[in-house]
Every structure is written in structure tokens, then in C-alpha cells.
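> Sharing a structure, written as C-alpha cells. Questions coming.
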Amino acid sequence: RMSFGAAGPPDARRLADVGHMRDIETGLTLLGVVGITDPIRAEVAPAVSLCRSAGVRVVVITGDNLNTALAVCRQAGVITAAEEDEGPE
């Protein structure tokens, strides 16, 4: 829950006007940072392994950040360490 002190939350019209941002953003304290993960399903890695053993090339198309996409592909077995070292095709 956010606390705005005695002044209360900023008015939506003030938030829309970037000229007020300094006033609104002054005196705030960062209380924490949260990271979340959306783990792959348990059946994904075995399915990818089955596809690879059958000669099917698995391709991932995503809008994720490159590092996020690489991490997911590693977890799913879409890329191996050797393939990652080779770089993109």
C-alpha cells in the first residue's frame, strides 16, 4: 500500500502534466524492488528434447528481452551451451 502522507495521493490532472513531476516525485522513499519469474511448464523441456531427438529444429519467437529469452531457452533445452557459444545463425 502506498502512503502519501498528509498531502494524500496526487491528483490525476497533476500527474498528466509533466511540469509537476518534480513536485510529485520529491521526498519519495524506495521501499523495495521485486523480481518475478514465470517458470516454464514442467513438460516443456521433455517435449523439446523429444523434438530434438526426432530431428525437429525448435524455434522460439518472442518479444522478450534477449537475456530473458536466452534464459528461458536454456531452461527449456532449446539451446545448449555449445550452441550458445557458437552465436546466432
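> Considering all alpha-carbon pairs of the stretch 23-89, what whole percent are spaced by more than 18 angstrom?
On the way: 1135 of 2211 pairs.
Tail of the P(r) past 18 Å holds 51 percent of the pairs.
> Which whole-Hz couplings ³J(HN,Hα) result when phi for each residue of the stretch 15-29 is put into the Karplus expression 6.51 cos²θ - 1.76 cosθ + 1.60, θ = phi - 60°, listed in order with x for Gly and Pro?
5, 6, 9, 4, x, 8, 4, 4, 5, 6, 8, 7, x, 7, 10
> Suppose R0 equals 22 Å. What FRET efficiency, 1/(1 + (r/R0)^6) with r the Cβ-Cβ distance, do Glu43 and Ala71 give to the nearest 0.05? Spell out each step's value before the answer.
Numbers: r = 19 Å, r/R0 = 0.85.
After rounding, the FRET efficiency stands at 0.75.
> Right, another one. Express in Å², to the nearest 10, the accessible area of Glu25 obtained by rolling a 1.4 Å probe over the protein heavy atoms while all chains stay in place.
Surface accessible to solvent at Glu25 totals approximately 120 Å².
The values are calculated or read from the model by the stated rules, or taken from the named source; none is laboratory data. Just so it is clear, the structure is predicted and the values come from calculations on it, not from any experiment. Glycine also receives a Cβ, built like all others from the backbone with ideal geometry; neighbour counts cover every protein chain displayed. Only protein heavy atoms, including side chains, enter the accessible area calculation; ligands, DNA and RNA are left aside. Shrake-Rupley method; radii C 1.70, N 1.55, O 1.52, S 1.80 Å.
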